[in-house]
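Heads up: the structure comes next, in structure tokens.
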Amino acid sequence: MTSRRRTVVVLISGRGSNMQKLIEQGNAPGSPYRVVAVLSDQPQAPGLEIARGAGVATAALSAREHADRAAYDAALAQAILVHEPDLVVLAGFMRILSAAFVRRFEGTLLNIHPSLLPNHPGLHTHRRVLEAGETLHGATVHFVSEALDAGPRIVQGRIAVGPEDDEVSLKRRVQRVEHRIFPLAVHWFCSGRLTQREGRAWLDGAWLAEPVQWVESAPPGA
């Protein structure tokens, strides 16, 4: 484990339940990271108040205050760089980032997506899983690439889809998985165990040809 506690900036658009878990685990004794700022594209995002209550710096950057996406992403990048983070985390950040932004933070930009990527990139994943009659669902943490939800996968959490499940229950169950695997991936990165090189994710010096699989009853060791 690294001796210096790494710094993390989190981007959100809503309540930020993953953000809250990252803050909580970052504040735990022995954590290799701490969340130093939370930024949102929505000034009224409930997660901003949650972050402030936890003593974390916050800022909101509304897209309406910028001429176009390039101008917004440039302003967002500057707001992030003020905090000199080691890692930037997208935790329910709903804006699609430009290629220039992604290249600027390449290798230090993580996202979580509520599906077992490469299945179901984009929106409405729980509905699409149900409509397809699939028996497995979950979430994926990945490095962000210029292509939407297509960056190198790091860890996936899987759940079984039950006959009683609907969109609401699936969302709730998948979020519980997210709350386990997202802090785990951040922990790996900030401990120096996880990197992105040559367009691939590497854990403990080995290329992750497939993401680490986390099952509800048997999480991998941190």
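Packing, taken as the mean count of other beta carbons within 10 Å per residue, orders the peptides 205-212, 45-52 from highest to lowest as 45-52, 205-212.
Applying both filters, DSSP loop and at most 13 other Cβ atoms within 10 Å, to the GluC sites (Glu not before Pro) of segment 146-188 gives Glu164.
Over the chain, the ratio between the Cα radius of gyration and 2.2 N^0.38 Å evaluates to 0.98. Note on segment 19-90: semi-axes of the ellipsoid equivalent to its C-alpha gyration tensor, largest first and rounded to whole Å, are 24, 14, 8. For the options Arg64, Arg15, Arg200, a Gaussian network treatment of the chain with springs between C-alpha atoms closer than 10 Å singles out Arg64 as fluctuating the most.
The order of Thr58, Thr125, Thr135, going from fewest to most other C-beta atoms within 10 Å of their C-beta, is Thr135, Thr58, Thr125.
Taking every alpha-carbon pair under 8 Å whose residues sit at least 6 apart, segment 68-222 reaches a relative contact order of 19 percent.
Quick note: the coordinates plus some simple rules give every number you see, no bench work behind them. Here the structure is a predicted model, which is why all the values come from computation and not from measurement. Cβ atoms come from the backbone with ideal geometry, glycine included; neighbour counts cover every protein chain shown.
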